[in-house]
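What follows is one structure encoded as C-alpha cells, with my remarks underneath.
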Amino acid sequence: MEQQPNRGRGRGTRGAPGAAGGQPNWKQGGGDGGGGRPGPSQPRQPHSAAPQQPSTSRGAGVAAAADANPQAATTVRTVPRGGGGGGNGGNGGGDTGALGRGAMRGSRYVPEVVITRRANAPSKQGASGTKLVVKTNYFRLTRKNKDSIFQYRVDFEPTVEDTRVMQALIRTQGPVIGPYIFDGTLLFLYNKLRSEEVDLQVKDPRTDALYKVKIRHVGTVDMTSEKAFMILNLMHRQAMGSLKLLLINRHFFDPEAKITIPQYGLELYPGYVTSIRQHEQDILLCVDVTHRVLRTDTCYKMLQTVQRQPGSFRDNFRKQVLGAQVMSVYNQKMYKICDVDFNVSPSSSFSTKDGSSITFMDYYKKQYNITIRDPKQPMLVSMPSERMARIGITSPILLVPELCRLTGITDEMRRDFHQMRAIADHTRIGADKRIQRLERFNERLQSTPASREVFQFWKTELERRLVEVPARTLRQESILFRLDGDAVPSGPEADWGQALHRNQMFKSVPLHRWYVVCERGKESMAKDFLGCVMQAARGMSFKVSEPRLATVQNDSGNAYVNVLTELLNEDLQLVMCIVPNDRADRYSVIKRKCCVDRALPCQVIKLRTITPKNGNVRTLMSVATKVVIQLNCKLGGIPWMVRNPLSTAMVVGFDVCHDTHDRSKSYGAMVATMYASKQTEPKYFSTIEPHTRGEELSNFIANGVGKALRSYQASFGAGTLPRRILVYRDGVGDGQLRGVVDFEVKKIKQRLLEVYANVQDFKPQLSVIVVSKRINTRLFMADRNPPPGTIVDDIITLPERTDFFLISQTVRQGTVSPTSYNVVHDESGLTADQLQVYTSKQTHLYYNWCGTIAVPAVCQYAHKLAFLTAQYLHNQPHQQLENRLYYL
C-alpha cells in the first residue's frame with residue numbers, strides 16, 4: 001500500500017448499501033432540480049485572552065488560504081442570519097455612527113443564509129428504496145409567543161477584558177434589569193428599561209473594584225426574524241452555563257466527567273456541540289457529543305524537557321510547539337502557535353490602551369490573580385484568528401508557556417497505534433451510548449432549576465424526545481468486475497474484497513518494465529513480499545512480470561534519489577520504493593523525483609508493512625492484494641465499476657489543502673471521471689494549481705472544468721462533449737457558500753458557453769453540489785447505526801436548500817456520520833431521487849478501499865491529490881500524469 005507519513009483526512013470507512021428497494025426511473029426527467037447589518041466594532045486593546053505583541057512589531061502573520069468573501073449577486077437571495085440594525089430605529093444592533101463594541105459582537109459572526117432553492121422548485125424528497133424511521137440528535141424547540149425582545153449595548157469603564165468579570169458585574173444588577181441574556185457585549189431583555197440610556201456604578205464582588213456600566217437601548221428584535229435564532233442560541237448557552245460546564249472556545253465541556261489516560265499524560269473532556277436553527281417545519285436544537293484532548297503537561301514543562309536534550313533547545317522547542325493548539329489555563333481559550341519569541345519574556349513590558357506600560361507578570365497578576373514563576377521563559381506567539389481580525393485584533397498575541405496546556409493529537413501520537421486505541425476507546429461512542437448521553441443531557445437541562453428557569457422565562461419549551469424522521473435505504477449496488485460476467489452484490493457491509501480475490505479486475509494494464517528499490521540487506525524481505533504480489537496479481541488476472549531489484553547504500557533521501565535518477569533513464573512503467581520508516585523528507589524527495597521531475601508512477605511502501613507476522617509470509621496476502629489494485633490504477637487500470645445510468649457525463653470533484661511550507665499558499669485539486677456513450681470504461685483527468693490567501697477560486701475551477709472538457713474530447717473524439725457535468729464541491733465552509741453560488745457557478749457557466757458554442761444538438765446541463773463531511777448531524781436506527789445507503793431528505797434538512805443526508809459507509813466502532821449534500825445549482829433534468837441514487841453510486845468507486853466511502857470518489861481523489869501536492873510535492877505534478885490515478 002502507498003505509505004504516506006501523514007494520510008490527512010484518510011480514506012473513509014467501510015460500508016455498503018442496504019436492503020432491497022425500488023430504483024429510480026432514469027428515463028424520467030426531473031426538472032431543474034431580517035434586520036440590517038451591524039456596523040464595524042471598535043478594536044479592544046489589549047486582547048482579553050493575552051497581551052498583544054509589545055512595541056517591537058512583527059509582520060502580518062501566518063496567512064491561511066481561504067476563499068474571498070464575495071459580494072452578493074442577483075441570482076441568490078441572502079438573508080442576514082443575525083446582525084444588527086443599520087441605525088437607531090431598525091431591528092438592530094447599534095447606531096451607524098457609533099462604532100465601538102457594537103450591535104453584533106465581533107467574535108460572534110453569524111453567516112448569511114444563502115437561499116438556493118426556488119419557491120416553485122420541485123419536491124426534493126426521493127422515493128426509491130426501503131422506507132424506515134430513524135432517530136436524530138435533534139430536539140424540537142417551541143416558543144409560546146412571538147413577543148419582541150429589547151436589545152441593549154453594554155460598555156464598561158474602565159474596559160473589562162475578561163468575559164467572566166463582565167458576567168459577574170451584570171449579575172449584580174439582576175434586581176434592576178430583571179431576567180436577561182448577556183454575551184459580553186449584547187444585553188437582551190423582555191422588559192424595557194425606563195430610560196433609553198442607564199448609567200450604573202457597579203462593584204466587582206471579587207476585587208471590590210468600581211466600574212461604570214453604561215446600558216444603552218439600540219433596537220428591538222422581532223422574534224419571528226432571522227436574528228431571533230442568535231438570541232435563542234444565546235438563551236440556550238445561558239441554560240447550559242447553569243450546568244457547571246466549562247466553556248472552551250465556543251463549546252461546553254464537563255471537567256467533572258473528565259477521563260484520564262495517565263500512561264500517556266492525557267485528559268479527555270467530554271462535552272457538547274449545540275446549535276439552534278430553523279429546519280423544514282420546526283426550530284430544532286442539534287446536540288452532538290464531542291471530546292477535547294488535553295495534555296497534563298504545560299508548554300513550560302516541554303521547554304524544560306527539551307533543555308535536557310542534545311542539540312539546540314531553542315530549535316527543538318520551536319519544532320515541538322509550532323503548529324500546536326494550546327489552551328490558556330486562565331480563560332480556557334484556544335490558540336495556534338506560529339512562533340516562539342526568545343527576545344521577550346514575562347518580565348518584558350507592553351503598552352496598554354491608555355498608553356501606560358505594564359509587564360506581562362503584573363498584567364496576569366492584576367487581571368487573573370496569577371503569579372508567573374519563571375520571569376525569563378520565552379513567549380509563545382499566536383496570530384489572531386479571522387474572528388479576532390473582525391473586531392480589529394491584528395497584532396500577534398503573546399502567551400506564557402507556563403500558562404498554556406497542549407491540546408489535540410499530534411502526528412507522532414497518530415503513529416502510536418496503542419495510544420490512538422486508548423483514546424478511541426473513550427471517544428468512539430456507539431449509537432446506543434450516544435443516544436443515552438443525549439437523553440441524559442436533555443434531562444439535565446430539564447431538571448436543573450437554573451436552566452429550567454431560563455426556558456420558562458423566555459417562554460420556550462424543549463421536547464424531551466429525540467426527533468424521528470422518515471428515511472429510505474437504497475438497494476445494494478452491483479459491483480462489475482467484467483462486462484460479460486455476473487455482477488456481484490456489494491453486500492450488507494459494502495466489503496467486496498473477498499469477491500475481488502475470486503474475480504479479475506475490470507481493466508488491467510500489464511506490468512512488465514518495473515523496478516523495486518530497497519535498502520541493502522533487505523532484498524530477501526522484498527522478494528518474499530513480491531512473491532505475494534505476483535500471487536495476488538495472478539488471482540485477479542493481472543499480468544505482472546518479475547521486477548528488477550535495485551539497492552541503496554543507506555536510508556537517506558539522497559541515496560534513493562541517486563538510484564532513481566539512474567533508473568529514470570530506462571523506459572519504465574513504474575517503480576516501487578521500500579523505505580525503512582515514514583520519514584516525510586525522504587517520502588517527499590522520492591515523490592518529487594517521480595511525479596514532478598518525471599512522469600513515472602511510484603509506489604512507496606514502509607518496511608514494517610511488508611514484515612510478515614510471526615514469520616508467516618501468508619499474512620502479507622491482504623497487503624499484497626491492496627498493492628496490486630493500486631499498481632493497476634497507477635498504470636491506468638480500473639479494478640471495478642458500477643452500472644452508470646448517465647451515458648454522457650463528467651463527474652468532477654474539487655478540494656483544497658494548505659501548503660505546509662508556505663501557509664500563505666494553498667493547492668486546489670480537481671479530478672474528473674469522464675463517461676461517454678458506447679464506451680465501456682471511463683477516463684480520468686486531474687489538474688492542480690496553487691493559489692494565495694484570499695484569492696478567488698472561481699477562475700481556477702472554471703479553467704479546470706475547461707481543461708477537463710478538452711481531455712474529454714482528446715479521449716473520446718474531437719466533436720464529443722458530455723451532456724451533463726456534475727461538480728461535487730468539497731472544502732466549503734458556511735461562510736464560503738455564498739462565494740460558491742455567486743461566483744464559482746457563474747464562472748463555470750461562462751466557461752461552458754465558450755466550450756459548447758458550436759454544439760447545436762444540446763446545451764450542457766450543469767449541477768453543482770456542495771459536499772460537507774464534517775457536520776454534527778447523527779442518525780440512529782433504534783439503538784444502532786443505520787445501514788449504508790440510508791437517505792434522509794426531510795424534517796432536519798433546511799428549507800432554503802435542496803439538500804439531503806446520505807450514509808454511504810458503515811463503521812465497526814462508534815457512530816456513523818452522514819454526509820450532507822447541498823444542491824446549489826441544478827440543470828441536470830434529474831429528479832431528486834435520481835440525483836441521490838447517482839451520488840450513492842459515486843461513493844463505490846474509490847479504489848483505495850474495497851467498499852464505499854463517506855464522499856463521492858472524485859472528492860476523495862481530489863483530496864488525495866491536493867494533500868500529496870501541498871504536503872510533499874510543493875509543486876505542480878508532471879502534465880503527462882494527468883490521466884492516471886498516480887496519487888493513490
Inset, instruction - Could you please find all residues in the stretch 449-496 being at pLDDT 95 or above and hydroxyl-bearing (Ser, Thr, Tyr)? - result: 473
Inset, instruction - Give the residues of the stretch 677-704 that are over 22 Å from the mean Cα position of the chain (by Cα), open to solvent by 10 Å² or more (accessible area, probe 1.4 Å) and over 23 Å from residue 872 (Cα atoms), sorted by residue number. - result: 677, 678, 679, 680, 681, 683, 699, 703
Legend entry - Cβ-Cβ under 7 Å pairs, at least 6 apart or on other chains, the stretch 196-215 side closer than 14 Å to residue 158 by Cα, far side aliphatic (A, V, I, L, M) and open to solvent by 40 Å² or more (accessible area, probe 1.4 Å): 201/210; 203/210
Inset, instruction - Out of the residues in the stretch 471-491 that are charged (D, E, K, R) and assigned to a loop (DSSP other than H, G, I, E, B), state the one that is least open to solvent (accessible area, probe 1.4 Å). - result: 477
Inset, instruction - Those residues that are surrounded by 17 or more Cβ atoms within 10 Å (Cβ to Cβ), out of contact with any Pro (no Cβ under 7 Å at 6 or more places or on another chain) and under 26 Å from residue 206 (Cα atoms), I need them from the stretch 360-379; list them, please. - result: 364, 367
Inset, instruction - Can you give me the ranges of the strands (runs of 3 or more DSSP E) entirely in the stretch 558-661 with at least 1 residues that are touching a strand residue (DSSP E or B) at 6+ places or on another chain (Cβ under 8 Å) and within 17 Å of residue 517 (Cα to Cα)? - result: 574-579, 602-606
Inset, instruction - Output the residue which, of all residues in the stretch 686-734 that are more than 17 Å from residue 669 (Cβ to Cβ) and in a helix (DSSP H, G or I), is modelled with the lowest pLDDT. - result: 734
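Can you find even one residue in the stretch 171-181 that is under 24 Å from residue 241 (Cα atoms) and of a type in the set (Lys, Arg)?
Scanning the stretch 171-181, I find at least one residue that is under 24 Å from residue 241 (Cα atoms) and of a type in the set (Lys, Arg), so the answer is yes.
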Legend entry - Residue list for the stretch 418-468, filter: out of contact with any Phe, Trp or Tyr (no Cβ under 7 Å at 6 or more places or on another chain), surrounded by 13 or more Cβ atoms within 10 Å (Cβ to Cβ), not aliphatic (A, V, I, L, M) and not in a helix (DSSP H, G or I): 428, 430, 448, 458, 459, 460, 468
Legend entry - Condition met for residue 707 (closer than 23 Å to residue 510 by Cβ, among the basic types (Lys, Arg) and either touching a Phe, Trp or Tyr at 6+ places or on another chain (Cβ under 6 Å) or open to solvent by 50 Å² or more (accessible area, probe 1.4 Å) (or both)): no
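A quick yes/no check of all residues on (1) β-branched (Val, Ile, Thr); (2) modelled with pLDDT of 95 or more; (3) not in a helix (DSSP H, G or I):
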{"position": "736", "(1), (2), (3)": "no, no, no"}
{"position": "740", "(1), (2), (3)": "yes, no, no"}
{"position": "748", "(1), (2), (3)": "yes, yes, no"}
{"position": "752", "(1), (2), (3)": "no, yes, no"}
{"position": "757", "(1), (2), (3)": "no, no, yes"}
{"position": "761", "(1), (2), (3)": "no, no, yes"}
Inset, instruction - Among residues belonging to the stretch 177-186 that are at pLDDT 85 or above and under 33 Å from the mean Cα position of the chain (by Cα), point out the one that is surrounded by the most Cβ atoms within 10 Å (Cβ to Cβ). - result: 186
Legend entry - Every residue from the stretch 122-150 that is surrounded by 15 or more Cβ atoms within 10 Å (Cβ to Cβ) and within 27 Å of residue 446 (Cα to Cα): 134, 135, 136, 137, 138, 139, 140, 141, 143, 148, 149, 150
Inset, instruction - Please verify whether the stretch 160-176 includes one or more residues that are over 29 Å from residue 832 (Cβ atoms), small (Gly, Ala, Ser) and either loosely packed, with under 15 Cβ neighbours inside 10 Å or at pLDDT 95 or above (or both). - result: yes
Inset, instruction - Exactly one condition in (1) surrounded by 16 or more Cβ atoms within 10 Å (Cβ to Cβ); (2) at pLDDT 90 or above is not met by residue 108; state its number. - result: (2)
Inset, instruction - Could you tell me whether the stretch 838-846 includes any residue that is of a type in the set (Lys, Arg), at pLDDT 95 or above and part of a loop (DSSP other than H, G, I, E, B)? - result: no
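The values are calculated or read from the model by the stated rules, or taken from the named source; none is laboratory data. The shown structure was predicted, so the numbers you read here are calculated from the model rather than taken from an experiment. Positions of Cβ are backbone-derived with ideal geometry, glycine not excepted, and every protein chain shown enters the neighbour counts. Surface areas here come from the heavy atoms of the whole protein model, side chains and all, with no ligands, DNA or RNA. Shrake-Rupley method; radii C 1.70, N 1.55, O 1.52, S 1.80 Å.
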